[in-house]
Structures are given as structure tokens and as C-alpha cells.
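We did not get these values from a lab; they are worked out from the coordinates using the rules stated. What you are looking at is a predicted structure, and each value in this text was computed from that prediction instead of being measured. Don't worry about glycine lacking a Cβ; one is built from the backbone with ideal geometry, like all the others, and counts go over all protein chains shown.
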Amino acid sequence: MAETAKLSPVEGIKARSNFLRGTLLESLADSATGTLAEDDTQLSKFHGFYQQDDRDVRDERRRQMLEPDHQFMIRARVPGGICTPKQWLAMDAIAAKHANGTIRLTTRQAFQLHGVIKRGLKPTIRAIYDSLLDTIAACGDVNRNVMSSVLPEQSALHQQIFQHAAAVSRHLLPNTRAYHEIWLDGEKLTAEETANQHEPIYGPTYLPRKFKISFAVPPRNDVDLFAHDLSFIAIIENGELQGYNVAVGGGMGVTHGDPKTYPRLATVVGFCLPEQLLQVTETIVKIQRDFGDRTDRKHARLKYTLDDQGEDWFHEQLVHRMGYSLSLAREYEFTHTGDRLGWQQTDNGLWHLGLFIENGRVQDLPDRKQLTGLRAIAEILKGEFRLTPNQNLLIANVAEEDRAAIDQIVVSHGLDSWNRLSPMREHALACVGFPTCGLAMAESERYLPELVGKIEQLLTRHDLLQQAITIRMTGCPNGCARPYLSEIGLVGKGPGLYNLHLGAAFNGTRLNSLFRESVQEAEILQVLDQLFADYAAGRNEDEYFGDFLYRQGLLSNSSHSTTPFNEQIPA
Ligand code: SRM
Ligand code: SF4
């Protein structure tokens, strides 16, 4: 009893929910309010949506004694980011009909729609399902969208690794029929079936917290492999996939002022064969299910379980549960993060076009008719779309003879900006932030493009405009744009205030450090101006900005410094 009392309230909600049903049906049927019952706002996440309100009008509505402008964000899983032209057209139509008319490409290769009202939830989720995508487990204490490198260089390898990512994604889907009952009018369970329900992998209270998986193919680290609970590094020899190095315990989420929270790079713990992939994945998920901290949601990710229990303990758990240990990790090297934009050809002769979508927001703007242009491309594309891990979009598998038609649409709709971008803007990432995110403390998506413009002026002054430098901004410390892995990281602290983090590695293998706390734009620009001057004068050949700052010893060890395990990350 004492144990139960200490569990976080969300554990009780999950336990009482009858495998994620809660009172969602009743909440949806209640037309007197645009909101869900309180417990259902937690359960809704497992079904792929969040209750939000438009924060731009929150204060004004409060003054007018009105309820907040409630609305919902819906996230659709897209394993490995692959989406057919038909699915794209479906998302486009759904966004226009039920959401705010924009599509958001996320940092985990998924779709988000914003501004859906309560009575639009069911038709939206149904329409997404009918397009052969779905929102099941897009959020909640389960495995989330499985990420996989978009890999426009090697077609056969991409297919193979994508298939593995998709298999892992399927394997970890919740078993409950709740989703089908609520959203797809599936048949209700009989009393006997209700009594016999079970979740073979998750158990009745699912995981202590969200769980994230990614697949990367060195040398490209486009998925930011070390940021996830579990990651697989493809080991390729002579063009053949040998298996995967397994990395565990990455995560970004931090709470300002709470030293027990920190970003952490995943630790490489061994190597597994492709045929061991599902067993290794399931075992690691179950270790976290059984030992993750269910009393404190801020301390509940696998990164904390690992640090609390130790790496030896983790290996013992693996051997005990699988009957064998992982082999020794194989050598690998990452050279860069980010996406490759523009046209590239794969070994099979097909072409792939990486398009820049600023902060992943697909919308029609005066100078960029992105929605219209991508709709036109989807109507003629014989290949597929790939949502990239960095909020961009790859038009994949285009035959030589079809390139000109795509180029024509791209240019006429202003989708060709990749030609003109500075490398910094190309690499910039911002989370959603205001006005929809309930956790935002400062602007992000709506502010970073303007700030990058000002930083570009500094770079020009120091003759550094063509230098690739990663910059990422989030409206709070949760880390949705993985800001602790960027050379310049800006983490929202309050309106117009950011913590400035500096010095991550360009290839995503070193976290940055807190350099200035609660700074405004003028100070950010002043600090960067000076550091760019030092960098321009003192850098070694081909030295990245983050590496230069790190070498100079300018970065103190902060609460965001790496944990002991991270010292073992190979260079
Ligand atoms: Fe995130 C919560 C948006 C990727 C760490 N994230 C949220 C919520 C749902 C806010 C909330 O809980 O009320 C945000 C919705 C904003 C909105 O209005 O749309 C939100 N996260 C996003 C997206 C859309 C950012 C983007 O601009 O693309 C990304 C959607 C990913 C997806 O498709 O599944 C997104 N979030 C991430 C990542 C990056 C990643 O996974 O590679 C992280 C850091 C990695 C990690 O998990 O450690 C991340 N999001 C968080 C956290 C902190 C978790 C933690 O361990 O402390 C929260 C807060 C929470 O869970 O309580 C959060
Ligand atoms: Fe919201 Fe914070 Fe995530 Fe940005 S980092 S989307 S502000 S939770």
C-alpha cells in the first residue's frame, strides 16, 4: 500500500483506464464542453492527441471571463518517415478540413496537426487511419515513432534498415483494442474478452514514461542517434548490413532548476545481429518497464534507470532475460548531423530531392506556396515522401525522366530555397513552442528564423557565412528540437529569455554546455559576435565551431554535462 501511494498520479490513471479506454467515449460525447475529462487528457496521448489551447488569446479570454480557446494537437506516426503520395494528399486534405490548414513535420519524422476541435477528433483520427497511417502510440508512455535515417545514397540498405525500423515499430504497438473501439467503431469486447485483456510487452500500466527508438547509418547521424532511449547503429561491411551496435539511455528532457534532470547521450552497450533485433528491443523495453521510476515522471526515462542502476546491472539484466549477452560493439564513425538538401542520386539510378521546410511547418506563405506545391508534387510523384529527422522533406525515388516536372513545380512554388540558404539556416531547428505548446516559456518556431537572420549578419562580418554551424531553439528545457546536441543551443526560460548553450559536436557525439543563463537577444548576439571573431582568427583547418569552443576550454561543466557512461562514447 505504501508503495502504491508513492506512484505518480498518471500511474493510477493508467491502472484504472481499462487498457486506455478511460472515459474517452463519454468525454467525446459530452457536447457541453470543448474539453476532455481530466484523466482522459492523459489517456488521449496514447491515442495520439493532446488537449491544448491557443496561448496567444489565453490572457485576453481570461480578462473577458471566457474559457481558454481549447483545441487539440494530433500526431500521426510515420515509421522511418516514409509516406506515400496518396497519404500526403490525405494529410493535406485532413489539415484543411479539420485542423488549422498547416501540416507540421516533427523532429521524429512524424506529422502533427494543430487546432482540431473536439468534435473534429473522431473524423480526423478516422481519416488518418483510412489513409493507412495512424495515431496509435504517437504519444503516451509507450514506444513512439521509430526513426530511421532517410539515406538518399544507398537504396537497398535504406530499404533493409527501414524494414527493420518498421518491424520494431509494429512489434511494440500496444495490444489493446481501445483505439479501434473508440475511433474506428470497432466491436466492443465481450465480458470474457474484457477479463482476458493483456498487454504482452507493456503490461497493464504500460511504461513509466515515453520510449524512443532510432536507427542510423554511419557516417550520417541525421537521427541524432544519441538522443534516444534505444538506438541502433547500422554496421555495414563491404556494402552489407552485418548488424547493429546497440545504444541505450539517451534523452534530452530537463527541468529548469531541477538538478536530478539532465540531457544524456546514449551509451553504446554492444552489438546484435539483425535476427536478434526484436528480442533485444523487447528485452530493453521490459527492463525499463520493470525498473523505470514510476514515482516521479521527471526521473522516469531509461537514462535515469541506467544511471541509478549502473551499466553492469544492465548487462546482467540483458543476459538474465535473453540467455546471452550482446557481442562487443563494432567500430563506427559519425561525421555529421542534419539532412542533405537538393538532388542526389542513389546506386539504383533513382533521384531524391531534399527540400527545406523551415521548422517543419508546411504552409502557404507569400514567397513559398509549400502546401500547394507539395500537393502538386504528390499528384504526379511515382516515388515516395520521406519526412526527415530534421523537419525537412525528401521527395524520394524519382526517375531521371520525371525530374524536370518536379523541378518545375518546386521552382514555381518557391520550394527551391535550399539553393540559397546559409548552412546555418539549413541546419536550424526549432520546436513548436507558442502558441500551441502548453509547456512553452519562450517563442521558438516563430522566432528562430528572424534570429538566424541576425546571426547570419554576424557570420558575414566574420567571413563565416558558408561555415556549417548547428543552431537549435526550444521554448522550454524539454528539448524537443534536441537543443543540447547543437553547437549553439537556445533554451527558453521566459518571454524573450533563453539559456545559451554552446559547444556540442557537429556530428552529434558531444553535448553542449550552459554558457549564459537567461539572456536576451542583444546579449546572445553580442556573445556570438565575440566568439565568431575568436573562431575566425583561431580555428584549425576544418574545425567546427563547437569543437573550437570545446578546445579553447571556454565551456564550463554545467548541470548539462555528460554522465560517467558518456565518457565511453567512441570518438
Ligand atoms: Fe516533445 C512534450 C512537441 C520531439 C522531449 N513535445 C511535448 C509536447 C507534446 C508538449 C506537452 O507535453 O504538452 C509538445 C507539443 C507541442 C505542440 O504544440 O505541437 C512537443 N516534441 C514535440 C515536437 C512536435 C517538436 C517539433 O518541433 O518537431 C516533436 C514531436 C516528435 C514526434 O513526432 O514524436 C517532439 N520531444 C521531442 C524530442 C526530440 C526527439 O524525440 O528526438 C524530445 C527530446 C528527446 C527526449 O525525449 O528526451 C522531446 N517533449 C519532450 C519532453 C521531455 C521529456 C523528458 O524526458 O523529460 C516533453 C515533456 C514531457 O514529456 O513531459 C515533451
Ligand atoms: Fe513545447 Fe518545450 Fe517541446 Fe518546445 S521544447 S515543443 S516548448 S515542450
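Taking 0.36 nm per residue of separation and subtracting the Cα-Cα distance, what length does fully extending Arg58 through Trp343 add?
Values: separation 285, 0.36 × 285 = 102.60 nm, distance 4.38 nm.
The span from Arg58 to Trp343 would gain 98.2 nm if fully extended.
Projected onto its three principal axes, the C-alpha set of segment 200-317 covers 47, 33, 24 Å, listed from the longest axis down. Across segment 179-186, rounded Karplus estimates of 3J(HN,Hα) from the backbone phi angles (6.51 cos²θ - 1.76 cosθ + 1.60, θ = phi - 60°) give 4, 5, 5, 6, 9, 10, 6, x Hz, Gly and Pro being marked x. Exposure proxy shown here: for Tyr484, Tyr550, Tyr202, the number of other Cβ atoms within 10 Å sets the order, fewest to most, as Tyr550, Tyr202, Tyr484.
Tell me, what is the percent relative contact order of segment 1-146, built from C-alpha pairs under 8 Å that lie six or more residues apart? It would help to have the intermediate numbers written out before the result.
Numbers: 229 pairs, mean separation 36.9, N = 146.
Averaging sequence separation for qualifying contacts and normalising by length gives 25 percent for segment 1-146.
Could you give the C-alpha radius of gyration of segment 273-348 expressed as a fraction of 2.2 N^0.38 Å, taking N as the number of residues it contains?
Values: Rg = 17.5 Å, N = 76, 2.2 N^0.38 = 11.4 Å.
My calculation over the Cα atoms of segment 273-348 gives 1.54.
Taking 4.7 Å between C-beta atoms as the pairing limit, the chain has these partnerless cysteines: Cys83, Cys139, Cys272, Cys437, Cys476. Along its three principal directions, the equivalent ellipsoid of segment 279-401 from the Cα gyration tensor extends over semi-axes of 42, 21, 13 Å, largest first.
Contact order, relative form, for the chain: 13 percent (alpha carbon pairs under 8 Å, 6 or more residues apart, mean separation divided by residue count).
If you take the square roots of the eigenvalues of the alpha-carbon gyration tensor of segment 1-152 and sort them as a ≥ b ≥ c, do you get rounded (a/c under 1.5), prolate (a/b over b/c) or oblate? Judged from the Cα gyration tensor, segment 1-152 comes out oblate (a/c at least 1.5, b/c at or above a/b). Computed extension gain for Ala29 through Gln309, at 0.36 nm per residue and net of the alpha carbon distance, reaches 96.3 nm.
Is the shape of segment 79-142 best called rounded, prolate or oblate, per the rule: a/c under 1.5 gives rounded, else a/b larger than b/c gives prolate, else oblate, with a ≥ b ≥ c the square roots of the Cα gyration tensor eigenvalues? It is rounded, given that a/c, with a ≥ b ≥ c, falls under 1.5. The Glu400 and Arg420 beta-carbon pair, evaluated with R₀ = 30 Å, returns a calculated FRET efficiency of approximately 0.75.
Relative contact order, whole percent, for segment 151-215 stands at 33, derived from Cα pairs under 8 Å and 6 or more residues apart.
Distance between the pseudo-spin-label points of Asp529 and Glu333 (7 Å out from Cα toward the beta carbon): 3.9 nm. Under a 5 Å amide H cut-off, with hydrogens placed 1.01 Å from N, Gln109 pairs with Gln391 among residues at least 5 apart or on other chains.
Run the numbers for Ser325 and Asp185: contour at 0.36 nm per residue of separation, minus the present Cα-Cα distance, in nm.
Numbers: separation 140, 0.36 × 140 = 50.40 nm, distance 4.45 nm.
Fully extending the segment from Ser325 to Asp185 adds 45.9 nm.
Net charge near Arg482, counting Lys/Arg +1 and Asp/Glu -1 over other residues with Cβ under 15 Å of its Cβ?
On the way: positive: Arg108, Arg144, Lys210, Lys212, Arg264, Arg301, Lys303, Arg472, Arg510; negative: Asp222, Asp224, Asp229, Asp339, Glu445, Glu487.
It works out to a net charge of +3.
Jot down the per residue volume, in cubic angstrom and as a whole number, of the convex hull over the alpha-carbon atoms of the chain. Mind dumping the intermediate values first?
Numbers: hull volume 92.5 nm³, N = 571.
Convex hull of Cα atoms, per residue: 162 Å³.
Shape class for segment 141-273, computed from the alpha carbon gyration tensor (a ≥ b ≥ c): oblate, with a/c not under 1.5 and a/b at or below b/c.
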